[in-house]
Every structure is written in structure tokens, then in C-alpha cells.
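Engineer: One structure is given below, represented as C-alpha cells, and several questions about it will come after.
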Number of protein chains: 2
Amino acid sequence: ELLVELIAYFQPKTLSGRQVLITAGPTSEKIDPVRVLTNRSSGKMGYAIAQAAREAGAQVVLVSGPTALATPYGVNRINVESAAQMHAAVMSEARNSDIFIAVAAVADWHVANASDSKLKKKADGHAPELQFSVNPDILADVAGMVSGPFCVGFAAETENLHQNAEAKRQRKGVPMLVGNLAQQAMNADTTELVLFSSQGAQALPVLPKLDAARRLVREIAQQSSTPHQ
Amino acid sequence: ELLVELIAYFQPKTLSGRQVLITAGPTSEKIDPVRVLTNRSSGKMGYAIAQAAREAGAQVVLVSGPTALATPYGVNRINVESAAQMHAAVMSEARNSDIFIAVAAVADWHVANASDSKLKKKADGHAPELQFSVNPDILADVAGMVSGPFCVGFAAETENLHQNAEAKRQRKGVPMLVGNLAQQAMNADTTELVLFSSQGAQALPVLPKLDAARRLVREIAQQSSTPHQ
């Protein structure tokens, strides 16, 4: 325990004085007061990155969807539920941030006709008609800001990781995108990350999430200090 | 802490030698490997009832959807995700149970066309077409068993609690149904229960969930020992 704290304390202060904004966890889209549409995301990777960034000397704001995790020491946490709430919180914080790391598994759609009272099962067993509307693209909106923060995206893919992740990096217009295989990483304590940037792909070994987070933070510190086009 | 354990130890052994089966938590219905349809349920009430039943001397099997809660001491826990999995686990355990308490917030529908690979956002922003199929009714199926266990249902309502809960009790054909207001109870540590049986409605005060669970367990012990029609 003491050893763990010593290791944390002696992490290199590569982000000293930088403002880092991170999203983590799933978002939860209301269908009615009891039913929701959400993603399988424990929030562990985003929380590990928040801790690693704080250890590296950054001021960290963590915008978090519903998780059962404790807030890492020294991190400023803002709780949200829906993608719309997460978008609003991020857009308001992004202007004061040097680095934005979008780790949350944001729902792509919300239910346009969500109900304020609990939907009743119909006698004929038919499900209610749900109408979906597309959610705002938080990463693309921050990446599109004039003199906005250095943006890092995440892509959890189930197949063709390299192809899908590099395509996502270029589509979102971000300098760095971190890919992982959803099946391996979800709710696990270890992860195998691949970092995509204009310099190409760099695969990290399978690591505990906090160790992977520290490696990632060091890489972000380095790349964000050199001007990018 | 010691006091808490002493209080637990000295709970009256009203369920000594009885087999109690409990469901708790939400179920999680797969849309694709990362997206799910689920309910807002922390599982706290079901876990509190499992603990209270164990304290009262019962052998407890807890069939639990995904939660972040620790298994209460001495309780046998079976983890499931979907309503279909919960139904299968319950039907296989119910035959050996004296009492069945259905606390889980089971999804009423699952996605019939769930995908094995992650659905891609379409360029036109349209959501994928989801087809819903109705899930099995776990409580009604157990209540319909010949010489099955004494059945207790739960109803989380957002309005007209008395009317909806008593109607649900009769529709499901169960001797006891516990109602609460979803807005108050969800993710909270206290709850305000109303017990519905053939003897009418009995409102409990606002109580911490473990205290409410102990009151409920005593009531179930009493009513399940007198033959019901």
C-alpha cells in the first residue's frame, strides 16, 4: 500500500501545470423512469488515466457517467448521465483545457420519445415504439474548436482494430487515437492498447490499466508538447 | 462494526431451515457487444433482503444481474446478465425453494436482432432498426408451478402505487407483492415499502433498506407459514 503510494508519488511530472479534461464510464439514455439504453463500460480505463494524469502533475477534471468507482485522489469529478449532459459539461470545460481525452463509451443515440412515467407492458406483448435520435459527437466538437485542447480519442472495436481506429482518427480530426479490443478490455483490469497518430501505430503490451494509463499519459505529454498540424 | 454484526447475529431466526430464492439487480439485454438495454437498479434492495433472510436462518440463493455490490455473508450467488439467463437460473432453483422473492428489475423486452459485432453509426445518422421480443415472466412462471414456493413480487411504480401494485399482485397470482415508488427508492439507501396481500395493504415507514428488508422477511416468514389459498 505504502509502496503503491510511493510509486504514484515518484511518477515523472510530465504534465506539470497542464489542464487535462477526461470523460469516463458509459452514458445512460432514458427510455422511461426505470429503463435505459447504455453501454457496457466499467469506467476503469478512464479513471486510471485520470489518476495517471494527476500523478503526472496535471489539474484533472473527470466528466463521468454512472459508475461504481471511487474518484481518484485530487481529481475534480463532474457526474452526468446522458450524452447530452456529458456534451454540455465537456464543452463548458474544454475552453480551459490543454488536453482532452475522450474515454467514455458515449451512447450514439438517445430515445427521442422517452416517457416521464413507466411504460406499461401491453396485453399483446408488443414493445413500445422507440424513436432514436443521434447524439452530439463530443470528440469531434472539441476537435473542431478554434485553438482547442490537444485531443485524444478512444476506439473500442470488436474487429479490424487497426483499420477502424485509424479511420476514426482521421474522420474525427484528432492527433491521437487509442484503440483496444472491446471483448478483452471490458470490465477487465488489464488492457492491450494500440496508439495511432500521424507517426503511425504503436502497440503497447498487455498491462494493468493503471500501468497502461501511465504509458499513455507519457506519450500524450510528449506529443502534445510538440506542435501538430 | 461489532455492534452491526451483533445486531445481525441476534435477528430472530424466523426462516430457520427454509430455502429462499431471491433475484436482484437489473438484467442487461444485449444490442451488440458494447450496447445494452437495461434498468436503473442498483440491486441494493434485493441484496439487503438476501442478507436479512440469511440472518433469519434461511439458506439463501441470490440470482443477480450485473451490480457492483458485494455478496452478503453466507449467501450463494449466481450471476446472470439477460432476463432469459435469469429465468433459466430461477426455474432450475425454484423447485428446491420454499420461498421466492422476485426483486430484480427484469427487462420486459430483449433485442431480437442483437448483433455479434459492434454496430457502426451510419453516415445518415439513422439509428439501426431494433426489433424487440417480450421476455419470459419469471414471477408468473414460478407462481404457476404446481406446489411451487411461496411467491413475493416487487412493483416499482412511478404513480398510482396502490392501484397498480394490487392489480399486479392479482394478475401474477402471488400471495404477496411489495410496492415502492421508483423515484424514491432507486439507488437510494432508504426505502418506503407497502406490502399488499389478501389481507390488504400495509405501509412501512421510510427505513434504511436493511431495516425494511428485516421487517419484510419477518412478514414473509409469518404469511408463508400459514397456508394460503
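Nothing in this text is a laboratory measurement; each read-out follows from the coordinates by a stated rule. Fair warning: this is a prediction, and the values are worked out from it, not measured in the lab. Every residue, glycine among them, receives a Cβ derived from its backbone with ideal geometry; neighbour counts consider all protein chains shown.
Engineer: Regarding the range A:1-158, what is the average projected area of its C-alpha convex hull, in nm²?
Structural biologist: For the range A:1-158, averaging the hull's shadow over all directions gives 11.7 nm².
Engineer: Let me ask another. Using the 7 Å Cα-to-Cβ label point, sort the distances from A:Ala188 to its equivalents in the other copies shortest first and give them in nm to one decimal.
Structural biologist: 4.0
Engineer: What percent of all Cα-Cα pairs in the range B:45-99 falls into each 5 Å bin, going from 0 up to the bin containing the maximum distance?
Structural biologist: Whole-percent P(r) values from 0 Å outward: 4, 19, 30, 26, 17, 4, 0.
Engineer: Using Cα atoms only, what is the angle between the long axis of helix A:83-94 and the major principal axis of chain A, expressed in degrees (0 to 90) to the nearest 10?
Structural biologist: Result, in degrees: 30.
Engineer: Of all DSSP beta bridges in chain B, what percent run antiparallel (nearest 5)?
Structural biologist: Here the antiparallel bridges make up roughly 40 percent for chain B.
Engineer: If you take every DSSP beta bridge fully contained in the protein assembly as shown, what fraction is antiparallel? Give it as a percent rounded to 5.
Structural biologist: Antiparallel bridges make up about 45 percent of those DSSP assigns within the protein assembly as shown.
Engineer: In degrees, nearest 10, range 0 to 90: what is the angle between the Cα axis of helix A:209-225 and the longest Cα principal axis of chain A?
Structural biologist: 70
Engineer: Ok, one more. Taking each residue in B:27-39, count the Cβ atoms of any other chain within 10 Å of its Cβ, then average. What number comes out?
Structural biologist: Numbers: counts 0, 2, 1, 1, 3, 4, 9, 13, 9, 6, 7, 9, 5.
Counting other chains' Cβ atoms within 10 Å and averaging over B:27-39 gives 5.
Engineer: In the structure shown, do any of A:Lys44/B:Lys209; A:Lys30/B:Lys121; A:Lys30/B:Lys118 have a Cα-Cα gap over 24 Å, and if so which? Intermediate results must be reported in sequence, preceding the final value.
Structural biologist: Working: A:Lys44/B:Lys209 28 Å; A:Lys30/B:Lys121 20 Å; A:Lys30/B:Lys118 21 Å.
Over 24 Å Cα-Cα: A:Lys44/B:Lys209.
Engineer: Placing the label point 7 Å from Cα along the Cα-to-Cβ direction, what are the distances from B:Pro136 to the equivalent spots in the other copies, shortest first, in nm to one decimal?
Structural biologist: Relative to the other copies, B:Pro136 has label-point distances of 4.4 nm.
Engineer: Shortest first, in nm, what separates the label point of B:Asn79 from those of the same position in the other copies (7 Å along Cα→Cβ)?
Structural biologist: When each copy's label point is compared with this one, the spacings are 2.4 nm.
Engineer: Compute the long axis of helix B:161-172 from its Cα atoms, compare it with the longest principal axis of the Cα atoms of chain B, and write down the angle in degrees, 0 to 90, nearest 10.
Structural biologist: 90
Engineer: Using amide H atoms built in the peptide plane, which far-off residues or other-chain residues are under 5 Å from B:Thr191 H to H?
Structural biologist: Correct list: B:Leu207, B:Lys209.
Engineer: Looking for one value pair here: nearest-to-axis residue in chain A (by Cβ) for the rotation onto B, and the distance in whole angstrom.
Structural biologist: That would be A:Ala68, 2.
Engineer: Over the protein assembly as shown, consider all pairs of different Cα atoms and compute the Kirkwood hydrodynamic radius from their mean reciprocal separation; express it in Å, one decimal. Please report the intermediate quantities before stating the final value.
Structural biologist: Values: mean 1/r = 0.0419 Å⁻¹.
About 23.9 Å for the protein assembly as shown.
Engineer: Show me the ranking of peptides B:41-49, B:64-72, A:128-136, B:211-219 by mean Cβ neighbours inside 10 Å, starting with the highest. Can you show the working numbers first?
Structural biologist: Working: B:41-49: 25.4, B:64-72: 17.8, A:128-136: 15.6, B:211-219: 21.8.
For the peptides B:41-49, B:64-72, A:128-136, B:211-219, the packing ranking is B:41-49, B:211-219, B:64-72, A:128-136.
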